[in-house]
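One structure is given below, encoded as structure tokens.
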Amino acid sequence: MSGLRRLAMGLSGIQDSTGQAGLQAVRVLLLSNSTARHLKETLIGTGLRHGLRLDVMISEYEDPEVLLERDRDGIATFGPDIVVVAMDVHAFGLRPAPGKPEGAAAIADRALERLRAIRGSIGSSLKKPVVFHTLTPDPAHVRLHVDRLIPGSHVDLVGRVNAGLSEFARSSGDLLLDVAMLSERIGQDNWYSARHWALAKYPFAPENAPLYAEHLVRLVALKFGKSRRVLVLDLDNTMWGGIVGDDGKENLLLGPGSPVGEAHCALQAMAKELRNRGIVLCVSSKNEESVALDAFRTHPEMVLVEEDIAVFQINWTDKAANLQALSEILSLGLDSFVFLDDNPAERAQIRFALPQVAVPEVPKDVTEWIPVFQSACYFEATGFTAEDRDRVAYYRADARRTAQLKSFARQEDYLQSLDMELQVNPFDAIGRKRIAQLISKSNQFNLTTKRYSEADVASAEADPRRITMQMRLSDTFGDNGMIGVVIADIGTDAIDIDTWLMSCRVLGRGVPEATLDLLVARARDLGKEFVRGVYVPTKKNMMVADHYRNLGFELIGERPGGETAWELSVNAYQDKKPPIRIRDAVGARI
């Protein structure tokens, strides 16, 4: 913890020419009913590890409802990007009422009603994403095995509040920091310090501040587009025990009968569960391709199957080159990759050559791998959607598209062969979670990188002064899922593009041109003369620096830092008409 504090204090001296040390600036407002001031430097220091320059404003010993009203101007001046409601169990008066189910329900409902009211206060004044805490039981109350069976016991009340809070966060699109899970992981007696609560009202033992900060900052980083999405797996002595080219597939250690074989199966099962959560699995192995694939496809104890893997890279090329190739095939940055390999030399090479890639340092004993890997929480997420579940299929289809492209001499012929159809709908409740997820995660093809929560998406959806588009693309290889989001404001003489982002997987297929055709058509219908847009540069979106220029917009303004403003004349515009059929929600051609 002292190291994190030193990092935080030294941050002001680590600035590049932009004044941001090459980090993304995020302002965090943390609202606590107990002591929290000591967390500030720990959070700032942890932020550096996640590419964030955090500015933290902390309110302690105060009811959030009162603070948000009384200090409205000061909070607005600070301008938080995200709000953390760091309230522990002492804020809610969960006094036991054993054997009284009706009383227990009423006590839990009061606590949840207060959290909803706090969320309403934040929403009305700040309109920013919120992180809620689950509650851990107060160890001062009686703790017996039978408590889980008694309605109204303290443990029962805490469970009811956590269940209700989880449902509320799921419906509101807010984030949930599972403090209860953290306390269970290390043991509640280790999480809580009765001495520090009595002396200084610390909600948890001060030595747990780095663990708390690590998990909170991960959620904050996720909300601002920093996420891991790809797990690259080695084969020999990683997915199975032994070297298939030397030992033969019949002698591989995999499955019941040995601790090592069972550990490799468990590792595959973990990878498969991640795949089912939307993580893209790839294989990078130094092997003879036919031999390795035969073992992968036919070994009776394999948990993973070929359809679970988006891309195989089985060759004698060095792993760094393979990962770079995978990045290009998937159109995903290397900072979204995690590389799992038993060989310390391979791990060292990736760390040196590709420092953006996360490389867990696993022990020699494979039976100890899963706890080490899972403790890193590389693939934390803000939610789960049908798009996440189907993501591997999208990337497998992308690999087939890339292969087909090589067989065409002209790009135009390739695009025609895809038989693409773009479905464009306004925002709706069904797509809301995925829309918010795309807005949070998209960094490269994103003109402004503004971040909007589900509540913000719902607000845009209901606003008649805004144009909203959610886009899905399908072709001969299947459904690409939701690949684009546009939000535009209807102005006096123009449509002003607020947000325009797309999946990099569909670049070069005419989707931006089709989108612009639609925007111009909408401007014509509304009698507007112009379509305007702004490009706000970041470290990751340089690929769209000339996006508006390439589409025919004229530069009308520049600001310090590289921000540019662009304008397109509706009357002078000629539709680009890329080879894409465009359909609305009911299947009619637009």
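The values are calculated or read from the model by the stated rules, or taken from the named source; none is laboratory data. Everything quoted here is computed from the prediction, not taken from an experiment. With ideal geometry, Cβ positions are generated from the backbone for all residues, glycine too; neighbour counts draw on all protein chains shown.
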Checked D63, D147, D73, D138 against criteria (modelled with pLDDT under 90, assigned by TED's automatic domain parsing to the domain that holds A194, of a type in the set (D, E) and in contact with a helix residue (DSSP H, G or I) (Cβ under 6 Å, 6 or more places away or on another chain)); the one match is D147
Could you tell me whether any residue of region 167-190 is over 30 Å from G120 (Cα atoms) and aromatic (F, W, Y)? no
Taking region 241-261 and keeping residues outside any loop (DSSP other than H, G, I, E, B) and without any contact (Cβ under 8 Å) to a residue 60 or more places away in the chain leaves V244, G245, D246, D247, K249, E250, N251, L253, G261
Given (1) modelled with pLDDT under 90; (2) closer than 29 Å to G431 by Cα; (3) crowded, with 20+ Cβ neighbours inside 10 Å, L115 misses just (1)
Yes or no: K100 of a type in the set (K, R), touching a residue at least 40 places away in the same chain (Cβ under 8 Å), out of contact with any Pro (no Cβ under 6 Å at 6 or more places or on another chain) and surrounded by fewer than 14 Cβ atoms within 10 Å (Cβ to Cβ)? no
Does at least one position in region 409-419 carry a residue that is modelled with pLDDT under 70, at negative phi and out of contact with any strand residue (DSSP E or B) (no Cβ under 9 Å at 6 or more places or on another chain)? yes
With respect to G159, is the statement that it is surrounded by 13 or more Cβ atoms within 10 Å (Cβ to Cβ), free of Cβ contacts under 8 Å to residues at least 24 places away in the same chain, closer than 20 Å to F132 by Cβ and assigned by TED's automatic domain parsing to the domain that holds A91 true? yes
Residue ID - farthest from V534 (Cα to Cα), chosen from residues in region 461-516 that are free of Cβ contacts under 8 Å to residues at least 40 places away in the same chain and in contact with a Gly (Cβ under 8 Å, 6 or more places away or on another chain): V506
In the list S284, S290, which residue meets the criterion of being touching a helix residue (DSSP H, G or I) at 6+ places or on another chain (Cβ under 8 Å) and hydroxyl-bearing (S, T, Y)? S284
Here is a check on your reading of the model: is E41 in a loop (DSSP other than H, G, I, E, B), over 20 Å from P129 (Cα atoms) and not aliphatic (A, V, I, L, M)? no
Here the residues within region 324-356 that are farther than 18 Å from F379 by Cα, in contact (Cβ under 8 Å) with a residue 60 or more places away in the chain and buried (at least 16 other Cβ atoms within 10 Å of the Cβ) are L326, I329, S331, D342, E346
Residues in region 468-487 that are touching a Lys or Arg at 6+ places or on another chain (Cβ under 7 Å) and modelled with pLDDT of 95 or more total 1
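A quick yes/no check of all residues on (1) assigned to a helix (DSSP H, G or I); (2) hydrophobic (A, V, I, L, M, F, W, C); (3) over 23 Å from the mean Cα position of the chain (by Cα):
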site: R116; (1), (2), (3): yes, no, yes
site: K128; (1), (2), (3): no, no, no
site: R148; (1), (2), (3): yes, no, yes
site: G159; (1), (2), (3): yes, no, yes
site: P203; (1), (2), (3): no, no, yes
site: L216; (1), (2), (3): yes, yes, no
For region 314-336, the count of residues that are touching a strand residue (DSSP E or B) at 6+ places or on another chain (Cβ under 7 Å) and of a type in the set (D, E) equals 0
